[in-house]
Amino acid sequence: MIKVQIESPTITYDLQILTVKTTVALSVSGTDLPTVTNFSLTTVDEEMARYFENYIAAQVALRFQPKMANTDFLSGLQALVSTVLANWQASASPLHD
């Protein structure tokens, strides 16, 4: 599991990359967001899943910094979603108290 925290002036965002067998998942949550957004990709084998885990981790490292403006984070997230994650399964779930 890879966890990344990005602080903006108003919200702290958490990105989590998790691989379980042949499924890679990226979760996006924030301190003031009512939901967790999940993106998942199921591959044909575990080696391919590890490849995509490393690939998405590299993309996150290239696009995000530990501290950045909220608009910069959202712009980077939108770019990631519309390009790299375009074919991944997306879902959202409410945060648990």
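A few notes on this one:
- Matching residues, segment 61-97, being assigned to a helix (DSSP H, G or I), open to solvent by 60 Å² or more (accessible area, probe 1.4 Å) and not β-branched (V, I, T): A61, L62, R63, D72, L74, S75, Q78, S82
- Considering residues of segment 28-60 that are in a helix (DSSP H, G or I) and among the charged types (D, E, K, R) only, the residue surrounded by the fewest Cβ atoms within 10 Å (Cβ to Cβ): E47
- Segment 1-27, subset surrounded by fewer than 14 Cβ atoms within 10 Å (Cβ to Cβ) and of a type in the set (A, V, I, L, M, F, W, C), residue nearest to S75 (Cα to Cα): M1
The values are calculated or read from the model by the stated rules, or taken from the named source; none is laboratory data. None of the values given here were measured: they were computed from a predicted structure. Cβ atoms come from the backbone with ideal geometry, glycine included; neighbour counts cover every protein chain shown. The area values use the complete protein model at the heavy-atom level, side chains included, leaving out ligands, DNA and RNA. Shrake-Rupley method; radii C 1.70, N 1.55, O 1.52, S 1.80 Å.
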